[in-house]
Structure formats: C-alpha cells, structure tokens
Amino acid sequence: MAAKIRKGDTVMVITGKDIRRSGEVIAVDRVRGTVTVAGLNIAIRHQKQTPNEDGGRKPVELPIAISNVALVDPADGMRTRVGFRFEDGRKVRYAKRTGAVIDG
C-alpha cells in the first residue's frame, strides 16, 4: 500500500498531549506504524557523559502513532485526509478536503 504520510510532510496531531500542534515529519517507521515529528512529543532523557559528548538531561522527540496524526492541507492549512489518483500517467497524493495535489 502506498504511504499516505511521508518524511517531509507537515502533519497535525489529532489526539494526545500535543493536540492541534503541527510540525514536519522527520522519520517514518512503517513496521511499527509510527512517525517522529520535529518539536512534538518531547521527553527528557538522561545522557551519561562520554569523551565526545556532554552528559545531562537531553530533550528527545519520541515517535507518535501514525493514526494520531493527520496531514495538513497545503492549500488552506487545515487537517485533511489523503487520497490517490492518477495524473499524467503517474500516481499522486491529493488532499480530499480541497483536491490540491500534495506531491506533484
């Protein structure tokens, strides 16, 4: 099945502690069904000091279930569902809200 959300897309969180916040997808894990979004779902992790890196408390972006995010429509900035259609002999994603092509 084709990917509805890809790396580089702008998504909005639809449930959880970061609800209605948006950011850019920096990683997609298809096996686990998660996405990592820049600046969202931040947790503090303790890092032991190494010769190359300082120790301390480091903020880390944790993955979010792909079902808990929705793609942001490039035309109007609202969240939308994603559909697929063929244009000029190739398959493209489009926003079902406005019909705008997402990757084209």
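The values are calculated or read from the model by the stated rules, or taken from the named source; none is laboratory data. What you see is a predicted model, and the numbers here were worked out from it, not measured in a lab. Counting neighbours? That spans all protein chains shown, and the Cβs are built from the backbone with ideal geometry, glycine included. Only protein heavy atoms, including side chains, enter the accessible area calculation; ligands, DNA and RNA are left aside. Shrake-Rupley method; radii C 1.70, N 1.55, O 1.52, S 1.80 Å.
The table for this structure:
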quantity: For the stretch 33-83, convex hull of alpha carbons as volume per residue, Å³; calculated: 123
quantity: Surface accessible to a 1.4 Å probe, per residue, for the residues of the chain, Å²; calculated: 67
quantity: Principal axis box of the stretch 10-63, alpha-carbon based, largest edge first, Å; calculated: 39, 24, 16
quantity: Rh (Kirkwood; distinct C-alpha pairs) - the chain, Å; calculated: 15.2
quantity: Accessible surface of the chain [probe 1.4 Å, protein heavy atoms]: carbon and sulfur percent; calculated: 48
quantity: Environment charge at GLN47 (Cβ cut-off 14 Å; Lys +1, Arg +1, Asp -1, Glu -1); calculated: +2
